[in-house]
Amino acid sequence: MYISEISPAKVRGRMTGLFQFNVIFGILIAYVTNYLLRDAGSEPWRWMLGVMAVPAGIYFLLLFVVPPSPRFLIKIGKKEEARKISSAY
């Protein structure tokens, strides 16, 4: 939703499609890493969970860098800030 909201109209479809591709690609990578870790020690599920926690942690940390949505800013009455954010993209 955020990507389609801040993307310019001419690349909105491409950005949303690329996001969907990356989600599916991430699922594929998770399956491949779990397959490769299936014989890692007596309890491989611990390694599988740990490997998946790394990108999730990076994603969580990067969420603090993402600016608020212009639509949300307009909703709470900060129109000038919303204008600045939408003109940056």
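The values are calculated or read from the model by the stated rules, or taken from the named source; none is laboratory data. Everything numeric in this text was worked out from a predicted model, so none of it was measured. When we count neighbours, we look across all protein chains shown, and the Cβ atoms used for this are built from the backbone with ideal geometry, even at glycine.
Taking region 1-60 only, how many residues are part of a loop (DSSP other than H, G, I, E, B) and either surrounded by 14 or more Cβ atoms within 10 Å (Cβ to Cβ) or among the aliphatic types (A, V, I, L, M) (or both)?
First pass over region 1-60, keeping only residues part of a loop (DSSP other than H, G, I, E, B): 1, 7-8, 37-43.
Within this subset, residues satisfying the condition of being either surrounded by 14 or more Cβ atoms within 10 Å (Cβ to Cβ) or among the aliphatic types (A, V, I, L, M) (or both) are 1, 7, 37, 40.
Count: 4.
Show the residue pairs meeting these rules: Cβ distance below 8 Å; 6+ apart or different chains; first residue within region 1-24 and in contact (Cβ under 8 Å) with a residue 24 or more places away in the chain; second residue not in a loop (DSSP other than H, G, I, E, B).
What qualifies is GLU5/PRO70; GLU5/ARG71; ILE6/PRO70; ILE6/ILE85; ILE6/SER86; SER7/MET15; SER7/THR16.
Take the conditions in a helix (DSSP H, G or I), basic (Lys, Arg) and at negative phi and apply them to ARG71. Does it pass? Spell out the reasoning first.
Values: in a helix (DSSP H, G or I): yes; basic (Lys, Arg): yes; at negative phi: yes.
Answer is yes for this residue.
Which of the residues spanning region 26-79 are at pLDDT below 90, of a type in the set (Ser, Thr, Tyr) and under 20 Å from MET1 (Cα atoms)?
Of everything in region 26-79, just one residue is at pLDDT below 90, of a type in the set (Ser, Thr, Tyr) and under 20 Å from MET1 (Cα atoms), namely SER69.
Exactly one condition in (1) in contact (Cβ under 8 Å) with a residue 40 or more places away in the chain; (2) of a type in the set (Lys, Arg); (3) surrounded by fewer than 10 Cβ atoms within 10 Å (Cβ to Cβ) is false for ARG71; which is it?
The one condition ARG71 does not meet is (3).
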